[in-house]
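S.K.: This structure is in structure tokens; I'll ask about it shortly.
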Amino acid sequence: MTSIMKYFLCFLISILCIMNFAFAQTMQSTVTKSKFSVQLDENTIVRNAEGKRLPYQQVAQMISSRAYTLDAVRDNNGKIIEYKIRAKTNDDTGTRETSVSKSTHKEPAPTNKGEIFPDFELTDINGNVIRSTDLKGNILVFSFWFSVCKPCLNEMQGLNAFAEKYKERKDIVFIAPDWEKKDAVAQFLKTKSFRYLVCPEATQLINALKIKAYPTNIIVGKDGKIVTDYIGGLPGIAQTLEADIENLLH
């Protein structure tokens with residue numbers, strides 16, 4: 001064998017060794033844990049296998065145990081609308097590490113959960129007076145809205161179905177305060193239905209709650225205390241409110 005052939009053979013062996021090393025490194029990278037970081041806040045919807053929504057603190061504790069992971073649920077446009085939490089499987093072990101961080105973005109919260117909801121007197125679109133003193137012992141579901149608020153309109157169909165589901169329950173009252181004048185609201189309702197008790201000119205209650213963002217959905221328990229409040233147009237808000245109501249009823 002000539003020296004040139006020996007040189008060529010050594011060169012070829014070197015190339016093969018380099019390629020083998022690179023392939024081994026690539027294979028190793030496929031089993032390295034990937035970081036799946038999810039930013040949650042109190043409004044993020046996370047459900048368990050039974051479809052029950054879990055509170056943020058419970059989700060954070062489950063993820064911290066490293067025994068659970070989250071799967072994103074997307075709508076038809078690919079937008080994440082909620083998450084499902086599940087126990088890790090063998091396929092997840094060693095390849096997926098889920099972490100949860102609480103959002104640093106702060107929405108202007110109108111109230112604090114657990115506070116007593118302020119007394120109010122509203123007049124609905126039909127002229128009926130609605131007083132908090134007459135509703136004691138009931139669950140109150142509020143949707144603060146106005147007629148040209150696009151996020152408000154986007155969730156209206158879902159809220160209508162939500163209210164329709166509980167229409168036979170006399171202990172659940174659906175109220176929709178609006179700061180607009182009665183004439184403007186009446187004109188809007190000629191073309192679009194809202195199955196809550198629509199109450200225009202509700203500025204006194206709106207100011208008492210310091211509501212700055214719309215829509216704002218609030219549930220008040222039978223004890224008069226605020227159970228949950230959701231600010232802004234949130235995907236699946238009707239389902240979220242329904243889950244909250246079911247928790248109160250059981």
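S.K.: List every residue pair whose Cβ atoms lie under 9 Å apart, where the two residues are 6 or more positions apart in sequence or sit on different chains, the first residue falls within the stretch 43-64 and is hydrophobic (A, V, I, L, M, F, W, C), and the second residue, located anywhere, is assigned to a helix (DSSP H, G or I).
M.R.: Listed by first residue and then by second, the contacts come to Ile45/Gln239; Ile45/Thr240; Ile45/Ala243; Val46/Tyr56; Val46/Gln58; Val46/Val59; Leu54/Met62.
S.K.: Is it the case that the stretch 203-214 has a residue that's part of a loop (DSSP other than H, G, I, E, B), hydrophobic (A, V, I, L, M, F, W, C) and assigned by TED's automatic domain parsing to the domain that holds Arg131?
M.R.: Yes, that holds for at least one residue.
S.K.: Mind checking which residues of the stretch 57-83 are at pLDDT 75 or above and either under 17 Å from Leu234 (Cβ atoms) or assigned by TED's automatic domain parsing to the domain that holds Thr228 (or both)?
M.R.: Across the stretch 57-83, the qualifying residues are Val59, Ala72, Val73, Arg74, Ile80, Ile81, Glu82, Tyr83.
S.K.: Is there a residue being in the same structural domain as Lys222 (by TED's automatic domain parsing), surrounded by 15 or more Cβ atoms within 10 Å (Cβ to Cβ) and not in a strand (DSSP E or B) anywhere in the stretch 135-143?
M.R.: yes
S.K.: Tell me, which residue of the stretch 15-51 that is loosely packed, with under 11 Cβ neighbours inside 10 Å and modelled with pLDDT of 75 or more is nearest to Arg86 (Cα to Cα)?
M.R.: Ala49
S.K.: Applying the selection to the stretch 50-85, what residues are among the polar types (S, T, N, Q) and assigned to a strand (DSSP E or B)?
M.R.: Thr69
S.K.: Return yes or no: is Gln157 part of a helix (DSSP H, G or I), in contact with a Ser or Thr (Cβ under 9 Å, 6 or more places away or on another chain) and either more than 28 Å from Asp119 (Cβ to Cβ) or not assigned by TED's automatic domain parsing to the domain that holds Asp229 (or both)?
M.R.: For Gln157, the condition - part of a helix (DSSP H, G or I), in contact with a Ser or Thr (Cβ under 9 Å, 6 or more places away or on another chain) and either more than 28 Å from Asp119 (Cβ to Cβ) or not assigned by TED's automatic domain parsing to the domain that holds Asp229 (or both) - is not met.
S.K.: I'm trying to understand the selection: among the residues of the stretch 172-192, which are in a loop (DSSP other than H, G, I, E, B) and surrounded by 12 or more Cβ atoms within 10 Å (Cβ to Cβ)?
M.R.: Of everything in the stretch 172-192, those that are in a loop (DSSP other than H, G, I, E, B) and surrounded by 12 or more Cβ atoms within 10 Å (Cβ to Cβ) turn out to be Trp179, Glu180.
S.K.: Identify the single condition in (1) β-branched (Val, Ile, Thr); (2) in contact with a Leu (Cβ under 6 Å, 6 or more places away or on another chain); (3) closer than 14 Å to Val220 by Cα that Ile130 does not satisfy, given that it satisfies every other one.
M.R.: It fails just one condition, (3).
The values are calculated or read from the model by the stated rules, or taken from the named source; none is laboratory data. Keep in mind it's a predicted model, so treat the numbers as computed, not measured. So basically every Cβ, Gly included, is an ideal-geometry build from the backbone, and we count neighbours across all protein chains shown.
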